[in-house]
């Protein structure tokens with residue numbers, strides 16, 4: 001119950017405006033359409049799920065962005081029951097925080113045998129500053145399956161004789177995390193590989209054949225579940241060359257400066273770290289990776305005092321996540337590469353799937369949990385802002401009930417009209433309680449919100465088809 005209340009408080013006023021507002025007018029509207037399309041198509045023609053009603057006559061157009069299936073599956077009953085597309089999206093948005101907190105709570109309680117430690121870890125992992133810097137990107141928020149994947153990986157490695165139930169649940173949670181976002185697939189695979197190798201190195205124990213067989217079986221189950229969804233991405237990459245360049249990964253890599261920068265809205269560290277502010281440009285907010293001193297201190301004390309050797313495995317995950325988040329080349333300051341190559345460059349060139357990722361900085365969330373506790377207390381006590389201005393009818397998706405708000409959707413966009421929105425969600429989450437007037441409606445632009453980068457020929461022949 002406490003985690004549910006924390007989710008409602010720290011994302012306020014999302015619950016109050018569940019069917020009328022979203023946190024941003026770009027990625028949330030794209031993701032609303034993606035989830036609504038999947039709910040529509042899975043009932044009518046599931047084998048043609050990826051032939052979405054955009055960019056006709058191209059095929060596999062759903063693979064131009066994330067599928068979010070690991071999130072959509074949680075809210076499909078709501079959509080099928082008639083809840084609006086916008087309301088369904090906001091429920092998924094809230095679930096991304098709640099389930100992330102629950103996953104961290106279960107993992108930390110399993111490791112520490114302490115509910116208090118589990119609660120602290122849950123709040124840190126689900127509500128740390130990085131996540132509040134990416135409220136518009138549901139695919140980066142839905143990380144609740146990762147802690148459960150690590151929990152059952154740990155059981156697979158430790159319990160002798162191995163139990164098939166652990167391997168099955170490992171596969172289920174891994175697949176759900178991978179289907180939530182292919183960023184998550186890469187990050188989860190990286191974390192699991194580092195954890196397993198670290199475990200065998202730490203214990204110096206030769207894994208039994210039964211353990212290896214169960215891990216292999218789990219990998220096979222994940223492959224069976226994920227391969228049908230991954231294949232359209234392979235085809236889009238093969239036919240249209242829709243992959244990210246090394247230069248783009250350089251641009252969106254975390255710098256050491258990013259780890260010194262806290263969100264400006266946080267009451268304590270925002271002003272103190274303002275000198276380290278930077279930007280990726282007008283398109284994208286910076287990564288705010290400052291972990292805060294409270295949890296850094298608590299983590300250091302735990303490493304010093306805890307006797308369980310598994311603490312070093314999570315220290316390893318911290319190191320791996322931090323190193324890979326720095327991208328192909330070390331940056332001391334944002335936008336200023338030093339020329340020193342890093343391991344991510346090798347992964348980008350030789351490891352399958354890394355060419356589909358454009359933001360190595362997100363890997364900073366794999367290795368450690370971080371939150372500014374003082375800021376979170378301030379957020380939960382902040383009065384809700386008044387949302388002035390327009391609201392958005394839930395029927396912004398063509399072919400669904402209700403009239404779309406604003407003008408007609410831009411040709412080639414995700415099927416949503418230019419719904420007005422507000423940034424008050426983000427302001428409220430940081431505890432400022434400052435009302436901001438919703439922006440007037442404007443048509444969305446092709447190429448934003450996770451759609452393919454400019455230059456792919458489809459943008460010369462865009463067409464929007466209605467739902468059948």
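We did not get these values from a lab; they are worked out from the coordinates using the rules stated. Source: prediction; values computed, not measured. Every residue, glycine among them, receives a Cβ derived from its backbone with ideal geometry; neighbour counts consider all protein chains shown.
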Contour excess over end-to-end distance, with Cα ends at residue 204 and residue 48 and 0.36 nm allotted per residue: 51.3 nm
Length-normalised contact order of the range 283-347 in % [C-alpha pairs under 8 Å, at least 6 apart]: 21
Among 21-28, 147-154, the order from most to least packed when residues are scored by Cβ within 10 Å on average: 147-154, 21-28
For 145, 244, 209, 80, order by how many other beta-carbon atoms lie within 10 Å, fewest first: 209, 80, 244, 145
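Please work out how much length the chain gains when fully extended from residue 235 to residue 277, using 0.36 nm per residue of separation minus the C-alpha to C-alpha distance, in nm with one decimal. Write out the running numbers ahead of the final one.
Details: separation 42, 0.36 × 42 = 15.12 nm, distance 3.94 nm.
Separation in residues times 0.36 nm, less the Cα-Cα distance, equals 11.2 nm.
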Simple spin-label estimate for residue 330 and residue 349 in nanometres, 7 Å along Cα-Cβ: 1.8
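Over the range 238-308, what portion of Cα pair distances is larger than 17 Å, expressed as a whole percent?
Details: 1483 of 2485 pairs.
Cα-Cα pairs of the range 238-308 separated by over 17 Å account for 60 percent.
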Fewest-first sequence of 182, 127 by Cβ atoms within 10 Å of each Cβ: 182, 127
Part-to-part distance (alpha-carbon centres) for the range 210-242 and the range 101-122, which is given in Å: 31
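Let's test the formula: R0 of 45 Å, r as the Cβ-Cβ distance of residue 213 and residue 80. What FRET efficiency results, to the nearest 0.05?
Working: r = 39 Å, r/R0 = 0.86.
Taking R0 as 45 Å, the efficiency between residue 213 and residue 80 is 0.70.
Given a cut-off of under 8 Å on Cα pairs at least six residues apart, what relative contact order in percent is computed for the range 1-89?
Values: 66 pairs, mean separation 29.7, N = 89.
Relative contact order for the range 1-89 comes out at 33 percent.
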R0 of 25 Å, Cβ-Cβ distance residue 165-residue 193: FRET efficiency to nearest 0.05: 0.65
Protection proxy ranking of 133-139, 192-198 - average other beta-carbon atoms within 10 Å, highest first: 133-139, 192-198
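Counting every Cα pair in the range 156-239, what percent are over 21 Å apart?
Values: 1228 of 3486 pairs.
Every Cα pair in the range 156-239 considered, those over 21 Å come to 35 percent.
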5 Å binning of all Cα-Cα separations within the range 1-129, expressed as whole percents from 0 upward: 2, 10, 18, 18, 17, 13, 10, 8, 4, 1, 0, 0
Relative contact order of the range 168-246, pairs being alpha-carbon contacts under 8 Å that are 6 or more residues apart, as %: 36
